[in-house]
Amino acid sequence: NPVAINCRADFKQFVREFWDYVPGASNIIWNWHLDVLCEELQIVAERVFAGLPKEYDLVINIPPGTSKSTLCSILFPAWCWTRKAETRVLSASHTDELVLDLANKSREVIRSERYTELFPGIDLHKDQDTKGYYRNVYGGDRKTCTVGGKTPLGFHAHFLLPDDPIDPMKGLSEAELKTARNFTVNVLPTRKVNKSVSATILIMQRLGV
């Protein structure tokens, strides 16, 4: 299927094809920054798929309402499975509610008839299929955790996706910043499948260093 081939090869094409399958997504209005995000995410992902040492981690600091979570935390993990079905993803946020919502929306894309039509065989494993932790029949999986609560210990991933590790309403809280720093600097780096290859993609508003 040429559509499937194009979607696998180009994350931007995957985004355009599956945007409408994201629960609650409004009509897409394409802007140049979406090109940049798709291209940067694919650059990082290609090295992971090839097992090459990463050149850098990716930090995405842009304002709310710019579709960064839809691209990075919902569509990107679903696309990764089309390229390397055994990809493992660890996603995190400042609240359990937010990280579960993002993971579940990605799961709904994967469950969609269109995804199944274009990428047959990438089925969710019946024995492990919850909002907070699901995996496919090839061993790829996605697990959620929270910055200051639910721990990711015991789980290792190819992609680490902290999305809003700081509550925007508490951006001036030194305690909140300290917790986010500790999680990002001391906890996440220990959760990699391969420390030289696995990549961290940080998605947030610029709220603190």
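Accessible surface of segment 1-100, 1.4 Å probe: 53 percent of it comes from carbon and sulfur atoms. Taking Arg111, Arg8 and ordering them by how much accessible surface each has at a 1.4 Å probe, largest first, produces Arg111, Arg8.
As a check on your grasp of the helix formula, calculate [θ] at 222 nm for the chain: sum -39500 (n - 2.57) over DSSP H runs of n ≥ 4, divide by the residue count, round to the nearest 500. Mind showing how you got there, number by number?
Numbers: 7 runs with 74 residues, N = 209.
Rounded to the nearest 500, the figure is -10500 deg cm²/dmol.
Quick one: dipole size for the chain, taken about the Cα centre, charges +1 on Lys/Arg Cβ and -1 on Asp/Glu Cβ, in debye to the nearest 20.
520
Taking every Cα-Cα distance in segment 31-106 and sorting them into 10 Å bins starting at zero, the pair-distance distribution P(r) comes out as 16, 50, 32, 2 percent. In the chain, the longest principal axis of the Cα atoms and the axis of helix 32-50 are about 80 degrees apart.
Report the extension gain between Glu86 and Asn6 in nm, rounded to one decimal, defined as 0.36 nm multiplied by the number of residues separating them, less their alpha carbon distance. Don't skip to the end; give the middle numbers.
Details: separation 80, 0.36 × 80 = 28.80 nm, distance 2.02 nm.
Stretched out fully, the Glu86 to Asn6 stretch lengthens by 26.8 nm.
Compute the FRET efficiency between Asn61 and Thr130 as 1/(1 + (r/R0)^6), taking r as their Cβ-Cβ distance and R0 = 25 Å, and round to the nearest 0.05. So the FRET efficiency works out to roughly 0.20.
Rounded to the nearest 10 degrees, the angle from helix 96-111 to the longest Cα principal axis of the chain is 10 degrees.
Simple rule: put +1 on each Lys or Arg Cβ and -1 on each Asp or Glu Cβ in segment 106-209, find the dipole, and look at Thr116, His156, Cys145; the Cα lying farthest toward the positive end is His156.
Note that the chain, at 25 °C in a medium of 0.890 mPa s, gets a Stokes-Einstein diffusion coefficient of 143 µm²/s from its Kirkwood radius over C-alpha pairs. Solvent-accessible surface (1.4 Å probe) assigned to His33 amounts to roughly 40 Å².
Evaluated with a Cβ-only charge set (Lys, Arg +1; Asp, Glu -1), segment 36-103 carries a dipole of roughly 200 debye about its Cα centre, given to the nearest 20.
When the solvent-accessible surface of protein heavy atoms is calculated with a 1.4 angstrom probe, in what order do Val36, Val59 fall, highest first? Kindly include the intermediate steps, with their values, before the conclusion.
Numbers: Val36 60, Val59 90 Å².
These residues rank, largest area first, as Val59, Val36.
Charges only on Cβ, +1 for Lys and Arg, -1 for Asp and Glu: so what's the dipole of segment 99-209 about the Cα centre, in debye to the nearest 20? Numbers along the way, then the final one.
Working: 17 positive and 13 negative charges, 68 e Å.
For this selection, approximately 320 debye.
Looking at segment 83-127, the accessible area is 47 square angstrom per residue; that uses a 1.4 Å probe and ignores ligands, DNA and RNA. Of the residues Leu202, Met169, Asn6, the one whose Cα sits farthest toward the positive end of the charge dipole of the chain, with +1 on the Cβ of Lys and Arg and -1 on the Cβ of Asp and Glu, is Leu202.
The values are calculated or read from the model by the stated rules, or taken from the named source; none is laboratory data. Because the structure is predicted, anything quoted here is derived from the model rather than measured. Ideal geometry is used to build each Cβ from the backbone, glycine not excepted, and the neighbour counts take in all protein chains shown. The protein model used for the area step is the full one, side chains on, heavy atoms only, and it has no ligands, DNA or RNA in it. Shrake-Rupley method; radii C 1.70, N 1.55, O 1.52, S 1.80 Å.
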